[in-house]
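Only the coordinates and a few stated rules stand behind these numbers; no lab work does. This structure is a prediction, so every number in the text was calculated from the model and none was measured. Here the Cβ positions follow ideal geometry from the backbone for every residue, glycine too, while neighbour counts run over all protein chains shown.
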Amino acid sequence: MRLTEQVHQYIEKFLQSGDIAIDATTGNGHDTLFLAQCVGGMGKVFAFDVQQQALTSAQSHLQKHHIQTPVTWINTGHELMLESIPLALHGKVKAITFNLGYLPNADKRITTCPATTLTALNASISLLKYGGILSILAYTGHDGGREEAEAVKVWANTLNDGFDINITIPQNTKFSPPEWICIRKKRS
Ligand SMILES: C[S@@+](CC[C@H](N)C(=O)[O-])C[C@H]1O[C@@H](n2cnc3c(N)ncnc32)[C@H](O)[C@@H]1O
């Protein structure tokens, strides 16, 4: 099974109808669609991307699937996540997904980078509700990808014992595999 499918299978167990979720790197909207399907029409999804081209592609992807979930499309960097999510929802978000790297078949120079990713991850920690999941898929095969994956793992290891951290690195693959860093905010 592909790692992206494994990630969805895992997150699906936590998300329920009516939950709030954030896609921090919308791209073509595969994770946005998945989150919207999990939280349903009573839920809410916020979708960030620095490229309008990505948000437009993701919107049409969700339309094709007749999604009823309210989605707020945010054409700004996820490093502004804290300011962009209504204060009333801070501490109430059940799942936040990051799929780092660049938009497939687009300008590869527009990619996530460690400084802004770490700012967004710190914001995510305070937006998450207890029991919520922060999932980061880090691709290591492109320029800067390995450094970003390492920066995320170093950051994850600085979290206190209020969090469970799991790092999955697929073995026996010829290519630079994506790595999955999954963080759960423990119940208080
Ligand atoms: C690997 S793609 C995401 C793929 C996506 N999850 C999907 O299902 O298609 C990474 C995306 O992150 C976006 N991105 C880069 N820097 C960003 C930032 N600072 N904030 C939000 N999105 C960013 C890129 O424009 C790109 O669309």
Practice item. Output the number of residues of the range 1-58 satisfying the condition of being surrounded by 21 or more Cβ atoms within 10 Å (Cβ to Cβ), hydroxyl-bearing (S, T, Y) and in a helix (DSSP H, G or I). Key: 1
Check your understanding: Considering L121, L100, which residue is more than 11 Å from the ligand (Cβ to nearest atom) and surrounded by 14 or more Cβ atoms within 10 Å (Cβ to Cβ)?
Key -> L121
Review point. Going by the structure shown, is K44 touching a Pro at 6+ places or on another chain (Cβ under 9 Å) and under 20 Å from I133 (Cβ atoms)?
Key: yes
Practice item. Those residues that are more than 15 Å from the chain's Cα centre (by Cα) and either crowded, with 17+ Cβ neighbours inside 10 Å or of a type outside the set (S, T, N, Q) (or both), I need them from the range 63-80; list them, please. Key: K64, H65, H66, I67, T69, P70
Study note, to complete from the structure: Taking the range 41-62 and the residues there that are of a type in the set (V, I, T) and within 15 Å of the chain's Cα centre (by Cα), the one that is nearest to N105 (Cα to Cα) would be V50
Revision key, fill the gap. By residue number, the members of the range 59-78 that are within 13 Å of the ligand (Cβ to nearest atom) and in a strand (DSSP E or B) are W73, I74
